[in-house]
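The values are calculated or read from the model by the stated rules, or taken from the named source; none is laboratory data. All values derive from a computational prediction rather than experimental measurement. Backbone-built Cβ (ideal geometry, glycine too); neighbour counts: all protein chains shown. All accessible areas refer to the heavy atoms of the entire protein, side chains included, with ligands and DNA or RNA removed. Shrake-Rupley method; radii C 1.70, N 1.55, O 1.52, S 1.80 Å.
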Amino acid sequence: MEPSASVPRLPFLRSLRAQLALWYGGILAFTLLLLSGFTLLLLRQYLTSRADAALELHATDTARTIAATLYRYNTENPGRPPSPDIEKSFIDNNDLQSWGRYVQIINPYGNPVARSDALKTIPLPRLDEALQDGLNTKTRFDTVRKLGEYPVRIVTVPVVMGRAVPYLVQVGASVEGVDTALTRAANLLLILTPSVFLIALLGGGTLVGRALKPVDDMTQAALTIESRRLDVRIVPPRTDNEISRLASALNEMIARLDTSFRQIERFSADASHELKTPLTTIRGEAEVALMGTKTPEEYKQTLQSIIEETERLSAIVTNLLLLARADANQVKLRQEEVALDEIAMSAYEGVEPLARRKHITLNIAEMDETPLRGDSLWLQQLAANLLQNAVNYTPEGGSVTLSVRREESEKGVFAVLAVQDTGQGIPQEHLAHIFDRFYRVDTGRSREQGGSGLGLNIVRWIAESHGGTIAVISQVGKGSTFTVHLPIQEEQA
């Protein structure tokens, strides 16, 4: 036997509008059915209580009349029991005969002593529990189903004479009126409930459609947005509700994606350009060397130029791989006790020969003991990049000053590394982008000095990876100051 295939869902049931309408319809149908049931139940209780109250009132009045008749008879005939004529007269009047179908007077033994005309052929059944309650001066209601098409509601009320109960009054009435009223109410609800359900369902479906129309519009607008059209935005509804906030959130997400895509495009273009430049230089040097016969010294210079471009190309690739790993959170920093002052001095010693060749004075302003937790290798690269950058952009005869100090503020305790130079400075319009990848203030001079536009971006990543920040203050013609703040844990203070 082949396994039965699963029944596919209807396409229209996949829409949120249909699902909401179905949920709304189901809850509404359950509510209407529950309301109709409670309505019929309360109506039955109300009609039954009204009928019981009428029966009890009539039986009580009859019992009082009988008690008054017996009192007069006993006064006039002391010691003599009531005659059958007297007992018959208990209900022998037009009011009792015309009020209801069933009226019966019974003695303490349960034997009828008087009946209304409706009970001449069909007497009320003997109700032992009602007899017992009546002899205890209690009123009792019973329902009998053997007297006709409809059940009969019977009330038994005692005739109290002092402590004695000589008679009991039983008054019954058919519940036809109650059943008829309930039938009519049920028929009315049977018509109204589906009508209300259909009207509410159609109205709810319309409201759901109107409520979800902005979502459909947003969906259509989102489908038109591509990687090359990230400047398109979703128009939010005028009302300030959840859908409007969703549209705003989507617009913010698209804006972030737009920024990311632009950065990726710019990064790809810059990376291609940076890699193409040394490759072009290497190829040009090799082609020139092959065009004619050169002296050994000229070949040596050509090879030296190729080596320099290869080293530059290798540095660019290394930095790109580092940044790619950093973006993918694949670079794990060690957390160990280090001294930032010692790390800065090590970077100082490594850059000092470069400064000496360029005739630049390398100074140390202050060098406080600053223990903290971090990765010594990456922190040394941070300090070395800042020092090399300062030396590269400082003209001959200038100076570069390194300082490491401990600083306390309301935000906590920090180790502050600062590198100040007397170079050409950075215009204000470039300061906001100075830490971006491949960004250069002066493209030509940067390439001549061997820069790739990645050093400061790596410095920012190292600082932020250690929970710190980096800032720059610069003035054209007077130099720049790069300042790194790294947090120090309190227990190390």
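Of note:
- Per-region count, region 314-349, residues modelled with pLDDT of 75 or more and either over 29 Å from residue 486 (Cβ atoms) or not small (Gly, Ala, Ser) (or both): 16
- Pairs with Cβ under 7 Å, 6+ apart, first in region 233-248 and part of a helix (DSSP H, G or I), second open to solvent by 50 Å² or more (accessible area, probe 1.4 Å): 244/236; 247/236; 248/236
- Residue in region 119-132 that is touching a residue at least 24 places away in the same chain (Cβ under 8 Å), part of a helix (DSSP H, G or I) and surrounded by 14 or more Cβ atoms within 10 Å (Cβ to Cβ) present: yes
- Candidates 264, 191, filtered to the one that is at pLDDT 75 or above and over 23 Å from the mean Cα position of the chain (by Cα): 191
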